[in-house]
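The values are calculated or read from the model by the stated rules, or taken from the named source; none is laboratory data. A quick note: this is a predicted structure, and the numbers were derived from the prediction, not measured. Virtual Cβ from ideal backbone geometry, glycine too; neighbours counted across all protein chains shown. For accessibility, only protein heavy atoms count, side chains too; no ligands or nucleic acids. Shrake-Rupley method; radii C 1.70, N 1.55, O 1.52, S 1.80 Å.
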Amino acid sequence: MRFQTPLVPARLIRRYKRFLADVRLDDGREVTAHCANPGSMMGLADEGLRVWLEPNDDPKRKLKWAWKLVEHDSGAFTGVDTAVPNRMLKAAIQDRLVEGLAQFDTVKPEQKYGENSRIDFLLQGADQPDTYVEVKSVTLMRQSGLAEFPDSVTKRGAKHLAELAQMSQAGARAVMLYLVQRTDADRVGLAADIDPAYAQAFAEASKQGVEVIAYDCQITPEQITLGRKLTFVG
């Protein structure tokens, strides 16, 4: 998935009110950017970090900048826009690039299911059970190479796991897909110390037949594409 317009580098001044960030462009201007990430962004919101912004000239948008990437001192990138995974994964699944999900003819995003919920993708194909795929964007890293989810308490995430378990028990196939928006991870696991209830919900869902798939991303200031399949460490 290519960015709509070329990204512009900047330095982070502060992130606040969850969805706003003040940054300083390389030419010295200070601007406010939209931050499409409701999580804590632990380790990704420190003052002085090098960030990449997408400019826009849409008159309907209040803010003319959107924060897309963090570039770490190591040269690795992290994608901070939580809307990116679903857009990218839809194309990847349709192109049969996701191992374990390459046998479906129909990809339906945002389908109603459970209790007032929407599944990220409902996959259907000949001789295949209906397959419900929930996607989570993973950006937290506290230990070298290990990406973790979640980065804050997520009751909604635990609810999604319970609903996936219900689908599995009803005879459908249920998949929890963790998409690591980092280029420096080689495995992914749960941050049980941050949200013990989510870890417990995951354990229960696994017992009920919910599968896990994990991938990372290839990220540059030009585009984000599906990367390698990662090991999930439960």
Tell me whether region 119-129 contains one or more residues that are surrounded by fewer than 21 Cβ atoms within 10 Å (Cβ to Cβ) and under 21 Å from Leu230 (Cα atoms). yes
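Pick out the one residue from Asn86, Asn56 that is under 30 Å from Asp130 (Cβ atoms) and of a type outside the set (Ser, Thr, Tyr). Quick ask: steps written out before the conclusion?
Working: Asn56 fails: under 30 Å from Asp130 (Cβ atoms).
One residue alone meets the criteria, Asn86.
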Please work out which residue is nearest to Arg156 (Cα to Cα), limiting yourself to region 11-35 and to residues that are surrounded by 15 or more Cβ atoms within 10 Å (Cβ to Cβ) and within 22 Å of the chain's Cα centre (by Cα). Cys35
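Sort out for me the strands (runs of 3 or more DSSP E) sitting completely within region 1-74 that have 1 or more residues that are in contact with a Ser or Thr (Cβ under 9 Å, 6 or more places away or on another chain).
Working: elements: 8-16, 20-25, 30-35, 50-55, 65-71.
Per the criteria, 20-25, 50-55, 65-71.
Within the bounds of region 196-211, is there any residue that is closer than 30 Å to Gln4 by Cα and buried (at least 20 other Cβ atoms within 10 Å of the Cβ)?
First pass over region 196-211, keeping only residues closer than 30 Å to Gln4 by Cα: none.
No, region 196-211 contains no residue that is closer than 30 Å to Gln4 by Cα and buried (at least 20 other Cβ atoms within 10 Å of the Cβ).
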Verdict on Leu177 being within 14 Å of the chain's Cα centre (by Cα), within 16 Å of Tyr113 (Cβ to Cβ) and assigned to a strand (DSSP E or B): yes
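I'd like to know if region 95-110 contains one or more residues that are closer than 20 Å to Thr32 by Cα and either of a type outside the set (Ser, Thr, Tyr) or modelled with pLDDT under 95 (or both).
No, that holds for no residue.
Give the number of residues within region 140-153 that are touching a residue at least 60 places away in the same chain (Cβ under 8 Å), open to solvent by 10 Å² or more (accessible area, probe 1.4 Å) and assigned to a loop (DSSP other than H, G, I, E, B). Write out each step before concluding.
Looking only at region 140-153, we keep the residues that are touching a residue at least 60 places away in the same chain (Cβ under 8 Å), and these are 140-142, 146-147, 150-152.
Right, trim to open to solvent by 10 Å² or more (accessible area, probe 1.4 Å) and you get 141-142, 146, 151-152.
Checking the rest, the ones that are also assigned to a loop (DSSP other than H, G, I, E, B) come to 151-152.
Qualifying residue count for the region: 2.
Rundown of residues vs (1) within 16 Å of the chain's Cα centre (by Cα); (2) in a strand (DSSP E or B), yes/no style:
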| site | (1), (2) |
| --- | --- |
| Gly157 | yes, no |
| Ala162 | no, no |
| Ala165 | no, no |
| Thr225 | yes, yes |
| Phe232 | yes, yes |
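Restricting attention to region 91-114, which residues are part of a loop (DSSP other than H, G, I, E, B), free of Cβ contacts under 8 Å to residues at least 24 places away in the same chain and open to solvent by 50 Å² or more (accessible area, probe 1.4 Å)?
Residues satisfying the conditions are Asp95, Arg96, Asp105.
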Flag if Ala172 is out of contact with any Gly (no Cβ under 8 Å at 6 or more places or on another chain), of a type in the set (Gly, Ala, Ser) and within 22 Å of Leu122 (Cβ to Cβ): yes
Lone unmet requirement of (1) among the basic types (Lys, Arg); (2) farther than 17 Å from Ile213 by Cβ; (3) crowded, with 20+ Cβ neighbours inside 10 Å for Arg182: (2)
Checking Lys62 against (1) more than 29 Å from Tyr132 (Cα to Cα); (2) modelled with pLDDT under 95; (3) open to solvent by less than 30 Å² (accessible area, probe 1.4 Å); (4) not aliphatic (A, V, I, L, M), which single condition isn't satisfied? (3)
